[in-house]
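Here's the structure, in structure tokens; my notes come after.
Just so it is clear, none of the values below were taken in a lab; they were calculated from the coordinates. Since this is a predicted model, take the numbers as computed values, not measurements. Neighbour counts run over all protein chains shown; Cβ positions are idealised from the backbone, glycine included.
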Amino acid sequence: MDSGFLQRIGMQYHWRNRDYRSFDEFLMDLKQPKRKNIRQERKKIPAQNLKMKRLRGDEIKSDHWDTFYKFYRNTTDNHWGRPYLTREFFHRLGEKMGDKVMLIVAEHDDKHVAGALNLIGGDTLFGRLWGCLPNAYFPNLHFEACYYQAIEAAIELNLSKVEAGAQGEHKIQRGYLPVTTYSCHYLLDSGFGTAIGNYLAHEMAQVKHVIKVLHDSGPYKEDILNEFLLTQGDGV
């Protein structure tokens, strides 16, 4: 870049709201096999005696945050992560951000067993953290709590999109498509900057290719996918 910054492109997975009035209306934009698969996955939630709740603001009590902290620690402990967020952080988050926080919880036999933390900003629902109790295994619960409940919430709140983060190609078959992200970096050492710049050029070509392949294998009907690509622009 002329300013001396190196531009890096990355990829996240977003769900786009086409003014849907219901989750079923969203499903009608998908190819029939994908639509059928999602419906089957969602049916398994009540079949396992699981109840899903979306909580905001004053609905989120102190014990919810204490329990979610256990979920969070279970995730970091089992995936070699560092638990940089404290129990107090989650309590403060609820106190300071109010209705901008959405906590999606799963109950089994009147006990909270899993949850997903989301933040609301502008026209977007941001999915950020997920966790469950140790040894809690319920097929498809992760998909329900993190993806389908988020889509339902965005439709209900008339939000334009759900940003589900950067990892997990399994998100594509559940309605989330890859989009391009950008960051800029300045390196003081010119020689090191040249080496990094060469790497970024190769990485950009690879990311473009991956995004195209993922789009082509996505769950949406062709006309819906083309509309999405047009509204997104070239992007890369």
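Tabulated values for the structure
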| read-out | value |
| --- | --- |
| Cα centre as origin, Lys/Arg/Asp/Glu Cβ charges: segment 59-120 dipole, Debye | 340 |
| Most positive-pole-ward Cα, F143, T124, P83, against dipole of segment 46-159 from beta carbon charges | P83 |
| 0 to 90° range, to nearest 10: angle between helix 87-97 axis and the chain longest Cα axis | 80 |
| Cα gyration tensor category, rounded, prolate or oblate, for the chain with a/c compared to 1.5 | oblate |
| Loop-located chymotrypsin sites (Phe, Trp or Tyr not before Pro) in segment 1-92, at most 14 other Cβ atoms within 10 Å (DSSP) | F5, W80, Y84 |
| Cα long-axis angle, helix 222-232 against the chain (0 to 90 degrees, to the nearest 10) | 70 |
| Cα-centre dipole for the chain with unit charges at Cβ (Lys and Arg positive, Asp and Glu negative), debye to 20 | 540 |
| Sparse-neighbourhood loop sites, chymotrypsin sites (Phe, Trp or Tyr not before Pro) in segment 153-222 - DSSP loop, at most 11 other Cβ within 10 angstrom | Y186 |
| Only Lys, Arg (+1) and Asp, Glu (-1) charged, at Cβ; segment 46-159 dipole about Cα centre in debye | 340 |
| Under DSSP loop assignment and at most 16 Cβ neighbours within 10 Å, longest trypsin sites (Lys or Arg not before Pro)-free interval of the chain | 62-220 |
| For segment 65-140 versus segment 146-161, the gap between their alpha-carbon centres in whole angstrom | 17 |
| Residues of type lysines that K100 reaches as a straight line, Cα spacing below 24 Å, ignoring anything fewer than 8 places off in the same chain | K51, K53, K61, K70, K161, K171 |
| Net charge over other residues, Cβ less than 12 angstrom from the Cβ of R16 (K, R count +1; D, E count -1) | -3 |
| Max mean-square fluctuation residue, GNM over the chain, Cα-Cα springs under 10 Å, options L187, L157, L129 | L187 |
| Among G197, G131, G57, residue whose mean-square fluctuation peaks in a GNM of the chain (springs only between Cα atoms under 10 Å) | G197 |
| Point-to-point label distance, H185-M28, nm (Cα→Cβ direction, 7 Å offset) | 4.6 |
| Gaussian network model of the chain, Cα within-10 Å springs - most flexible of A145, A154, A166 | A166 |
| Leading residue at positive end of dipole, the chain (Cβ point charges), from P46, L93, Y176 | P46 |
